[in-house]
Each structure stands twice: as structure tokens, then as C-alpha cells.
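The values are calculated or read from the model by the stated rules, or taken from the named source; none is laboratory data. Keep in mind it's a predicted model, so treat the numbers as computed, not measured. For neighbour counting, all protein chains shown are included, and Cβ atoms are generated from backbone atoms with ideal geometry for every residue, glycine included. The accessibility values were calculated without ligands, DNA or RNA, using every heavy atom of the protein model including side chains. Shrake-Rupley method; radii C 1.70, N 1.55, O 1.52, S 1.80 Å.
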Amino acid sequence: MPPFYAVKPDNALKRAEELCQAGQDEVALQALHEVVLSKRSRSYALTMMEPIMLKYIELCVDLRKGKMVKEGLHQYRNIAQNTSVNSIETVINKLLELAEQKVGEARTKADQIAVDYIDDLEASETPESIMLSTVSGEQTKDRTDRAVVTPWLKFLWEAYRTVLDMLRNNARLETLYHSVTNKAFSFCLTYSRKTEFRRLCEILRNHFQNMSKYSHQPHSINLNDPETLQQYLDARFTQLNAAAELELWQEAFKSVEDIHILLTTSKRPPKPFMMANYYEKLTKIFMVSEDYLFHSAAWNRYSNIERMFNKNLTDEEQSRMASIVLLSALAIPIITTTKTRPGYVEADEQRIQKLNRLSMLMGLPYHPTRTGLLKEALNKNILSRVRPEIRDLYSILEVQFHPLSICKKINPIMTKLSEDPDMARYVRPLHQVILTRLLQQLSQVYTTVKLDFVLQLASFPEPYNYDAATIEKFIMNGCKRGELNIRIDHASQSLMFETDLFAPPKDTVTEGMQLQSSPADLMRTQLSRLGNRLGAVAQMIDPTVKEHATKNKQEALQKALKGVEQEHKAMLARKGEIERRKEIIESELSRREKQAAQERAIAAQKKAEAEKKRVEEEQRRREEERLKRVQEEIARDQAKRIAEEITAKTGLQLKPEEIENSDVKTLLDLKVSRLQTEQKELSDRLKQIGKRIDHIERAYRKEEIPLLEKDFERQQKEDKAFYQASCKAELETSKAQHEENMKLKSRLSRILDDYMVYKKQQQDKLQSAVEAQKRAVEEAIEKEKQERIALWREKREEIIKQREAEEAARKQKEEEERRLREEQERKEAERAEQLAREKAEREEINRKQDELARKQRERELEIEAKMAQRRQASPAPAAAAAGGRPSGGAYVPPSRRNQPAAGGDDRDSWRSSSRPIGASFGSNRDRDRRPGGFERGGFERGGERGGFERRPGGFERGGFERGGERGGFERDGGWQTARRGAPGGGRDGDNGGSGGSWRRGGGAGRGPGSSGSRW
């Protein structure tokens, strides 16, 4: 039964992600593989299948599962090609991107391994690497690449092949097909994969050839479409450029043939830059194949296109192109060097077929020749644009006649051409042309020449010089092809130029400059020359013949002039009729084409609407069927699972029709009842079996007791007999072995002396060899040691220099830091001095303020003493005043100032002015309540607290708190200053909470003071 999550794709994707997080990529890939390849997958929506496919591709790339990638891509193409081509493109781009990323990571890893392998960067070779290189030709990096990079390269190549095979011959996937093709070419270029490039070209060629086989299928490739044909042309030009860059000239030539087929099929004219690229690659191909004739023809066509369409060519570029065109034409060998022997019909047919084929590729109506190419170049006035040395070379080879100095004049030109890399490749074929011209011109002047004289004339600089054997071989080849008629006399070491009076004319002979006509030419043209001479004689004898011919000519001219006007009118009428008929035909064709186009558009629209409607109906029907199948499948799976559980646990076999006709509830009830019945029966059986087993075991043990005693006695007797027999056999065996060993000792004792002598000789020989080897090793070690010591000394000197430089830099840095530090210390000292001055000024101000406060306090004490004396002197008025308001300036709230004085005890009132001088705040009762006795005194009222505290060193501070605010007293028990301060008090007796200051107050604690104070 398939897994339950295979029913829903989103469940499969979640399950795969969970398995990947758990490290089970193989299981996750298998799960997604089942979902992708299942028949249900065709009914799923692409929005659900695309994430699954992306995850599937990612896992396949990570695990390098090329076969599974192929199967999944083909299945997904069948699903998505009718509805969404963009989804297929997304999946394929994801595959190629991941594969290329893996290849890049593998290359990085291989480079890192190669770097890590090198322990010492200065040691170029090690003994291990030298020994390994003797038995293996490949280097360490090659082995690393083969182990790390090659598997991923293979996978990437298989991915490209799979994708191209999947996208072939499908018009809907055509753009994606060409995009992947360009990426495959880039892959071959990036990694220099020549073998894979050949296979790729063969694959594309097979795909192109199979188009006709699948043309009857829907969505097949239509090469009559200009856009489609243009895409194939672009792909073939990319293939041609890649083949030229990889120097695969056979594949480049095959690509040229493919391009020619497409160009002949195309109804549009090719673009000029494409044809320029086409002929440029042909020049390289023909140069590599040493086909100088078609190489020159290709250069001619390429230069024509460049000069016609490229308006940005500079004079220098035009001169260079013209020089190469003329030089390539001059370098065409006059005597061909093909290996086939002329005169055979089959060889001539093959040569003609080859020429026809190449001419067709070049777009030429006839076979090119050396004479024709030179004439075409001269007709274009190319000599005015070429370089001066090439103009001189043309003049020497084709115009002038100087067999005795041709090589001397040309050698400086050849030397100059050899310096140019673009023209140096024509130097060797030009030497063959020069040698041919030399022999042709010598044949017109000499009948017999010495071979040494010819060698002297044909003297070229190294490495283009010719020896006697090479010249002889060249002459024999020319004679075999009928281009030369020379006989070599080895006895006299001379060349004899023979003349065949009946030889046919040769174009190669008439190409160059002729000093005089050859005997064959005279024999061949003697009748025409005789006719010319007789005509001249007849005119001299009878002048009327000439006059009669002149008269006939004038009459014919007059007759022609009379009929010119009539013929001209007839031609104009005929031309007008032709144009009229052509317009009628064109208009009729245009009308028919428009009508056919309208009919096609209407039919296509109707077809598209019908197809859209059919697709919508099909999707709706599939969705309904899918939901119905899913529900039925879920119910069927649950019923089947319950039936299997009933069969596995109870043994009850249900028939398939019973399972199909029963619902889940019925099966569950059946399962529960069956399990209860079986459990009860099983319990009863187990009880009966337990009782029966107990009785049987008890009976077995009763019968076993006497049998065990008898078996024990028998076993003792058998063991004793076996022991005695084994002892006896061991004694006999040991005695026989001892006797045999003694005999062997007596035999070996006779060769003991010889053995010792031989052993000593071998030991001495081995010792000497070991000592020699040891000395050699010590010498090598000492040599290596001295080298390393020298190397270490050099390094040590460099390190010392580096350290000295670093030390100088460090000292400079320390000096700078010291200067900055001194500057900072100086600034800090100035700042400290300024702070000290400010502190002294503040202390002076404080001292003055303290002095003023002391004087103020003395005056207040005097005033209070006087006031106390007055109160003692007049108690009655004081008592009367006490009834209205408190005496002595004690503070009374405004609300209580007019109230009569409360009778009774005023001991607890801190406002009482009858307290003795020096008494502390608070009553005896308050002092009794607080711990510490008189050491802590104060007052507490409604959350306000005040008091005194004894500090170490004396009764220095006192204070009070009021609503979280604190004030304090300091030193002599009195208020020193009246200043507004910060919360928490200060040494000046600040009141830090209420924002006010004490102006006067009585002494507290130790100091004398009055019993009252005021704000």
C-alpha cells in the first residue's frame, strides 16, 4: 500500500523537508519520486507540483541521481507543456544552475586541496613527488580533479543531454531548447571539453535531421517560420564560433555545412554580420586544411562584405585586409600537392565533387582559380591599398621576368612578412610558388642547366631552404601532374627542359610573364598565324576586298539605325504589358493571401476558443474526478487498513467484496467484538495449559532422580578410561618425536661449519653495502644540511632586517607616545594647579564667611543674654504676655495665636519657650522610648523626624528628616551659616528639603543657645 502522504502533494513536500532536516535525503528523494511519477500527478495543479519538482531537482543534484532527474523531467514536461511552459523553464534553469554551482564548488575544493597538499612553498620537488612522477605521468592536480571535479562535470554534462533530449522537436519549448543549447556550448568552452563538444554537435545534428520524421506530430518544428529558422541559424553560428575557439576544425566544417543548409532553406536574406562571421571562420578552416585556393576565395568574399557594410573601417584596417587578400591569392600553389595521382577517373570525379561541394559552401557559381582570384583583386584596384612589399611581391611573381635574381629580390620581402604574425603563415606556400616560377622561367630560357646552379638560384633563408632531394621531389610531382616537362640526368647532375610539340595548353604556364612563345605554342597556333598572314597579303593584292567589307558594314549599320526606333517602341510596349500582367497577378495573389490570412485567423480564433473551453471543462472534470478519487481512496485505504488489522490480530479473513460493501464503523465493531472473544478464549486455554504443564513437570522430575545417579557412575568410568589411553598415546608420540629430532640434529651438525662461514661472508658483504649506503646517505644529508643552513641564514638575515625595521618603527612610535604622554601630563599639571588655586580661593572665601558667622553668632549670643536678663527682671509682664502668645519669639502657627494658653503640662511641646538653655529637643518620655538613651534624641510628628546622632569622634552631626528631605548640623552645636543647600545637608548646616534657610537658632547639644528660634 502506498504511503498516505502520497495522496496530497503538499503533504509529500512537508514530509520530504522533514526527512531532509533529519539527514535522510535518500528517503526524501524516493518519496518525491513516487509522487512525481504517480499517475495522479497529472491531475494535480501546477502551483502544487512546481515546488515539489524544485525540491525534487535539488535533492537529485545533491545526490547526483541523473536517471531520476531524467524520469522526473520527462514526466513534468508531459504535465506542464500544455498549460505553462514558464514552469518547465523554471525547473530546467534550477537544475542547470544547481549543477553548475556544484561544479564551481568542486573546482574550488580541488584548488584548495592542491594548495593544502603543498607543505613547503619554497621546495619545488620532494623525493616522494619525484618517485611518484617516475611511475605516473599525471600530476597531483590532475588526480585531484579526476577525483573531485570529474564526477560533477559528468553529472552536469548528463543534465545538458537530458534537457536537450526532453526539449527537442517541440515548438512550444523551442526558445528554451536554444537557450539550453547556448549554455551547453558555454560549458564546453569553459571547461575545454572537446569530446563532449563533438557529441553535442552530433546530438544537435540528429535532432535537426529527425525534424522531418516528426513533422506530422502536433507542435512540431516548422522551418518555414522565419523566426524559427533564425533561431536555428543563431545556434549554428554559436556552434561554429565555439568549434573555432576549441580548434575543432572538422566540427567547424560540419557546422558550416549545417549553416549553408539553413541559409538555402531560409526565405529571408542573411544578415551581413552573420555572413562576415561565416566567411571569416571559413578562412580559418581552409587555412588549417591547407586549402589555399578556397582560403583565398573566402578572404575575398569576407573582405567584400566588410567593405560594403562596415563603414567604420579605418585606412589601416582596409590596407591590412587588402594585403591579406592579395597575399592569400599569391600563396595559392601553382602545382597542387594532393596525394591522389591524376589521370584516374574516380580520383578526378572525387576531386570535382569536392570542388563542387566547397564552391557551393562558398556561394560561388563556378570553381575558383588562382588566375580568376588575382584578376578579381586587380579589377577592384586592390594594388593601390596593399602594403608596398606585397605590391613588389606581386610585381616580381606575376609581371617581371628575371629567373636569375627572383629569389634574391624576394628574400627581403619574405623576411619582412615573417615578422607579421598574420602574414607569416603564407611564407611557406609562397616559397613553393617562387620555386615554380623559377623553374617555369628557366624553361623558357635554358634547355639544360646544372642542378647546382638551380640550387644556387633557389636559395632561401632558414628554415625555408631547399636541398637537392626536395627540389627533385617537387619537380617529379610537377611532371606527374603535367605542369612541368623536365628530365633529371643524375649522371651529369643536370636538368633538361624538354618540349612536347603536341602538349595541350596549361593555364599555369600562361599565368606568369612569358619572354617568348614555346615550340608547343608555335605548333598549336601555326594555322591561325598563317590565316592572319594570308589575310594581310590578300588586302595588299586586292584593296577592293577591304572597301567591300567596309561598305557592307556601313549598310548593316544604317539598317540597324532605321529599325532601332521601331524595336524600341515594341520593347516598351512589351515591357508595359509585362508590368501590367505582373501587377494583376500580384494584386490577385495579395487578395488571395489576405483572404487566406483572414480565414486562418478566424479559424485559429475559433480553434483557440474551443481549445480554451475544452481545457477549462477538462480541468474542471479532472478536479472533480480527483477529489472524488481522493475521497474514495481515503475511505478505501482506511477500510483496507482496518481489515488488515482484523486479519493480522484475529485471523478472520474478510472477502474483498465484504470490505468494499462495509463502512469503517461496521469494521471497527467487528474488530472489537472479535478481539474480545479471542482474548477470553486465549485466557481459558492458558489456564488449562498451565495446570497440565505443572503435572507433567512434576512426573518428569520423580522419574529422573534414579536415572541421574546411574548416569553419573557410568560417566566416571568412561572418563577414567579415556584419560589413561590419552596418557599412553602421548608418551609414545613424544618418544618417537624425540628420536626423529636427534637424527635430524646429527645430520645438520655436519654442515654447521660451512653454514657459519657462509653466514659470516654474507654478513660482511651486507655490512659493507650498508656502510656504503650509509656514507652516501650521510653525504646527501650533509649536503642538504649545508643548503638548508645557507637558506636559514638568508632567512635569518631577512628576519633580522625586518626586526630592525620593526624595532625602529616601534621606537618611533614609543617616542611619539612619550611626547603625547608628556604633553598630556603637562596639561593635567596645569589643570591641577588651576584647581588648587580655585580651591585656595574657595577656602579663603569660606574662612571669611566663617569669621563673619562667628561674629554674627557672638552678637546673637550677647543679644540673647540681654533678653534673658530682661525676662528675669520682669516676670509678671512675661506671664501676661504668655496668655496671649508664646514668649521669647517661639514660633506659633497663625491658627493658634489667638487661642488661650492650654493649662496643664507643657512638657511635651517643643514650642515651649520655658526650656532651659542648652536643653535638647524632645521630652524625657521621648528619650526613654528611643534606644540608646541620650545618645539619640529627636522628635517625631506625623511622619516628620528630627534628632541628633553621636558619631565617632564626637557629637558632630545632627539632623532631621521631613518628607524624605534631610538637613543637618555641624561642629559647635550651632548654625554656622545660613545657606540654601542640596538635599542631604552639608558641612555648613544646610536645610536641604524645604528650600529655606535658618537665620537664627539656639544652640543644640553641647553649645549654649536660647530656647527659641525663628525662620
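Treating r as the C-beta distance of residue 740 and residue 206 and R0 as 56 Å, the FRET efficiency rounds to 0.10. For the range 383-459, applying the loop criterion from DSSP together with a ceiling of 10 other beta carbons within 10 Å to the chymotrypsin sites (Phe, Trp or Tyr not before Pro) yields no site.
Taking each residue as 0.36 nm, the span from residue 154 to residue 840 lengthens on full extension beyond its C-alpha to C-alpha distance by 237.9 nm. Pairwise inverse Cα distances across the range 155-235, averaged and inverted, put the Kirkwood hydrodynamic radius at 13.1 Å. Pull up the cross-link candidates among the lysines for residue 551, meaning alpha carbon to alpha carbon under 22 Å and not fewer than 8 places away within one chain. Residue 551 reaches 559, 562. For the pair the range 363-440 / the range 758-784, the C-alpha centres are spaced 73 Å from each other.
R0 = 45 Å: FRET efficiency of residue 616 with residue 309, Cβ-based, nearest 0.05? Approximately 0.30, to the nearest 0.05. The alpha-carbon of residue 450 sits under 20 angstrom from the alpha-carbons of these lysines, leaving out residues fewer than 8 places away in its chain: 408, 473.
At the residue level, residue 754 shows approximately 110 square angstrom of accessible surface with a 1.4 angstrom probe and all protein chains present. Using the average count of surrounding beta-carbon atoms within 10 Å as a protection proxy, the listed peptides 467-480, 69-82 rank, highest first, as 69-82, 467-480.
Under 5 Å from the amide H of residue 460 lie the amide H atoms of 466, each residue being 5 or more positions distant or on a separate chain, with H modelled from the backbone and absent for Pro and chain starts. Per-residue packing, averaged as other Cβ atoms within 10 Å, sorts the ranges 184-190, 407-413 into the order 184-190, 407-413, beginning with the highest. Pairs 281/375; 109/183; 65/194; 311/380; 39/628; 254/284: which exceed 20 Å Cα-Cα? Flagged as over cut-off: 281/375; 109/183; 65/194.
Across the range 394-539, the convex hull enclosing all Cα atoms gives 132 Å³ per residue.
Once the chain from residue 719 to residue 418 is taken as fully extended at 0.36 nm per residue, the excess over their C-alpha distance is 97.5 nm. Computed from point charges on the beta carbon alone (+1 for Lys and Arg, -1 for Asp and Glu), the dipole magnitude for the range 401-480 about its Cα centre is near 240 Debye.
Put the Cα centre of the range 202-228 next to the Cα centre of the range 251-327 and the gap is 28 Å.
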